[in-house]
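Visitor: Following this message is one structure expressed as structure tokens.
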Amino acid sequence: MFRALSTNQVHDSETQVTDIHGKPRHFWCTAGVAAHDEQGRPNAVVEILRDITERKQNEQARRTLEEQLRQAQKMEAVGPVSYTHLRAHETVLDLVCRLLLEKKKKR
């Protein structure tokens, strides 16, 4: 609002306030000079506030889902490698177990 008065131009800004329940609310503010005095100086400003809280929450939810998708894609890419790695260890473990059992039988 003060910028609109000092520059005599329309200004947009985003602001966050806390409501009476302690929850954050997001607003998009547009302020512009509404009237001028006899010397042409601005002396009144109109400010319009739009509640964009739901949009901000949706944007955050989208970012969270995108991150979860990226993590799932990483796990999917690593999955086959891990399975192959696990199978190799099972094969070695099976071989060691068989050798130990054979050694025990010989005793």
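Please treat every number below as a calculation from the coordinates, not as lab data. Because the structure is predicted, anything quoted here is derived from the model rather than measured. Methodologically, a virtual Cβ is constructed for each residue, glycine included, from the backbone with ideal geometry; neighbour enumeration extends over all protein chains shown.
Visitor: At 7 Å along Cα-to-Cβ for each site, give me the label-to-label distance between GLN57 and GLN16 in nm.
Guide: Placing both labels 7 Å along Cα→Cβ, they lie 1.5 nm apart.
Visitor: Shifting gears a bit: Taking H as built 1.01 Å from N, whose amide H comes closer than 5 Å to the amide H of VAL45, not counting residues under 5 places away?
Guide: ALA34
Visitor: What base-10 log of the normalised intensity I(q)/I(0) is obtained for the range 2-51 from the Debye formula, alpha carbons as equal point scatterers, at q = 0.13 Å⁻¹?
Guide: Here the Debye-derived log intensity ratios amount to -0.38.
Visitor: Report, by chain and number, residues whose modeled amide H sits under 5 Å from the one on ILE52, excluding near sequence neighbours (fewer than 5 apart, same chain).
Guide: HIS26, PHE27, TRP28
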